[in-house]
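First up is the structure itself, then whatever we jot down about it.
The values are calculated or read from the model by the stated rules, or taken from the named source; none is laboratory data. Please read all numbers here as calculations on a predicted model, not as lab measurements. Don't worry about glycine lacking a Cβ; one is built from the backbone with ideal geometry, like all the others, and counts go over all protein chains shown. For accessibility, only protein heavy atoms count, side chains too; no ligands or nucleic acids. Shrake-Rupley method; radii C 1.70, N 1.55, O 1.52, S 1.80 Å.
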Amino acid sequence: MKMKNEMEKDLDAILGGISKTGGLKKPDASYFEDFAAKLPLTDSSKSKKILFSSRTIWYSVASYAAVALILMLVGFFVYDSQVSKSTDFSISMDELMALNDFDNYNEELIYSELAMMEDFDQTSEAELDAMMQVDGLSTDEIMDAFSTTDLNK
Amino acid sequence: MSRIYSDKEIIALILGADTSDFGFRILVKNYQERIYWHIRRMVFEHDDANDIAQNTFVKVWQNIHSFRSDSNLYTWIYRIATNETLDFIRKKKRYVFSPDGDYKDLLLKNLEDDNIFDGNEIEKKFQKALLTLPEKQRIVFNMKYFDEMKYEEISEILNTSVGALKASYHHAVKKIKINLTDD
């Protein structure tokens, strides 16, 4: 203890000329007179009992609205992508080949089909009627005759 | 002729419905200068010290209703001020990206600024010696040397044992002496 007192005395001797401010410049004389008046104190800062000020209510309303809007946009984009997926009529070359079985087509088959079409084009309306046995039938009768389902049932 | 109020009287005034503002103004008047210099010695710049002192008293105002009357008002306010100051220094250290160096270099530069420092050469040398200490040791030294606080009071404020404070102060004095007598 004695040693510490001596040490402090030594320091005091060295720091003899040091002021209480330690050389830091003092603020203006009016600073401490006005300090209390300039403190940003309000009743709301005094009490923490007020959990939601009017400003925080607006903030929360705005944030809820923003979240709702984001959810709506996300929902719309998900729905849109599903719809566009289901109405996507594009078909790949492989799917087209599979549907039409082009690999198994040969030249003769294609030509014979074309010939059939030509023959069909050259058939007259009367011949067509005769082929289909629809001559003299009413539209309803024709419809019934060619219908795959029994409409009367 | 203004009356001197004790801490208990000040708290009673603040807690009173009609005397709250009056009581708080007395509290500020009683402590503003000591708190300001406690902070200023750590941050050097007046504007920074003013901001921290304001924050300190705003926090006192906000929490005075939950203050335990068996505690010492004086040490409580000092504790808030110390925490605010150390918090400020921590933030400053994080955001000072000066090419010339860190926050301590900034404080050293402040000693060359006439708006901040107007002391003599011994005081400048002393401040430079203080800046070689870690923040907490600097605070302990300031409280003991400038504010002439007892170790028990410092212990309550810094939440550190009296033994550790004595050792810290001893080291601080030793380092300062070496720095001052170096050349």
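Ranking of B:Glu156, B:Glu148 by solvent-accessible surface, largest first: B:Glu148, B:Glu156 (1.4 Å probe, protein heavy atoms only, all chains present). By the helix-only formula, in which each DSSP H run with n ≥ 4 contributes -39500 (n - 2.57) and the sum is divided by residues, chain B has a 222 nm mean residue ellipticity of -23000 deg cm²/dmol.
If packing is taken as the mean number of other Cβ atoms within 10 Å per residue, what is the order of B:103-115, B:46-58, B:17-29, highest first?
On the way: B:103-115: 14.2, B:46-58: 19.6, B:17-29: 16.1.
Highest to lowest by the protection proxy: B:46-58, B:17-29, B:103-115.
Mind pulling the angle between the C-alpha long axis of helix B:20-43 and the longest principal axis of chain B? Nearest 10 degrees, somewhere in 0 to 90. Compared with the principal axis, the helix lies near 10 degrees.
Exposure check, 1.4 Å probe, all protein chains in place: B:Leu180 carries approximately 20 Å² of accessible surface. Inter-chain neighbour count for B:145-154: the average number of beta-carbon atoms from partner chains within 10 Å of each residue's beta-carbon is 1. By the Kirkwood approach, averaging reciprocal distances over each pair of separate Cα atoms, region B:1-110 gets a hydrodynamic radius of 15.3 Å. Helix B:135-145 and the longest principal axis of the C-alpha atoms of chain B enclose an angle of approximately 70°.
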